[in-house]
Amino acid sequence: MKPVNKLPVIEKSKHWLIINKPTGISVHNEAGDVRSVLKKQLHPGTFHDIYPVHRLDKETSGLLVVATEQETAAALSEQFQTHKAEKMYYAVLRGSMDVSDEWQEWSFPISDKAEGRKNPQGLLKDRVEAKTLFKVLKSNKYFSLVELRLLTGRQHQIRKHAALAKHAIVGDTRYGDDAYNKKMAGIYKTDRMFLHAFRLSLPIGGRIQTFETPLPPDFQKMF
């Protein structure tokens, strides 16, 4: 992936901003990450810092809240920890699933650690409650497009739950089948993971504000 020099800003205020993070770029702790790109983009030639409010995996694209000061970051982070803020996701999963307007639930207990395809749940002693709601929006012979809500916030929760349900996220190199992902990358000319945070609702300025991004083009061409 080519280095990113500028990130798309969806909404901006004095104390926070919301970006549409591309797939393949880390939020922090890596060269060319969101934090370093935004520091140059927003405050060129200064020492102003950037404070990511919540997590989004490197492989996942979508809406990310970033604060321009520690106090705001702490306050907004608490909204996510107490589930007053909510993220919604789109994912393209491997295999055909029944389309339904009803929300369904995955409730496999999983660890709160990064695991792997051999044992997505993690060690039995590490497993804790985890719940993910999903709704199947579209499906064909090969893929299913689902909308997802997290009721708990375990590491890699959606990715693990999809794999445990035998419908791994297309392009997930950690929990999906490597040979299958390489085949799909060759056919569809992208090696991205098909997980996107498309909607974000959180209390800002005394009211709940909701921000959205459309279904990414890569997702659309699968159907």
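Below is a table of values for the structure above.
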| quantity | calculated |
| --- | --- |
| Within a Gaussian network of the chain (alpha carbon springs, distance under 10 Å), most fluctuating of Ala73, Ala168, Ala31 | Ala31 |
| Residue with peak Gaussian network fluctuation, the chain [Cα springs, cutoff 10 Å], from Thr213, Thr190, Thr82 | Thr82 |
| Sorted peptide list for 171-181, 152-162, criterion being average Cβ within 10 angstrom, highest first | 152-162, 171-181 |
| Protection proxy ranking, peptides 100-106, 144-150, 75-81, average beta carbon neighbours within 10 Å, highest first | 144-150, 75-81, 100-106 |
| Kirkwood Rh in Å, taken over the range 1-82 so that all alpha-carbon pairs contribute | 12.8 |
| Extension reserve of the Asp98-Asn29 stretch, reckoned as 0.36 nm per residue once the Cα distance is removed | 20.8 nm |
| Sum of -39500 (n - 2.57) over DSSP H runs of 4+, divided by residues of the chain (222 nm, nearest 500) | -5500 deg cm²/dmol |
| Listed candidates [x] 16; [y] 28; [z] 10 - label of the one calculated as percent of Cα pairs over 33 Å apart | [x] |
| Lys, Arg +1 and Asp, Glu -1 on Cβ, resulting dipole of the chain about Cα centre, debye, nearest 20 | 520 |
| Shape of the range 102-223, Cα gyration tensor, a/c cut at 1.5 | oblate |
| Taking the range 86-223 and dividing mean pair separation by its residue count, relative contact order in percent (alpha carbons under 8 Å, at least six apart) | 29 |
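Quick note: the coordinates plus some simple rules give every number you see, no bench work behind them. Given the structure is predicted, the values throughout are model-derived calculations rather than measurements. With ideal geometry, Cβ positions are generated from the backbone for all residues, glycine too; neighbour counts draw on all protein chains shown.
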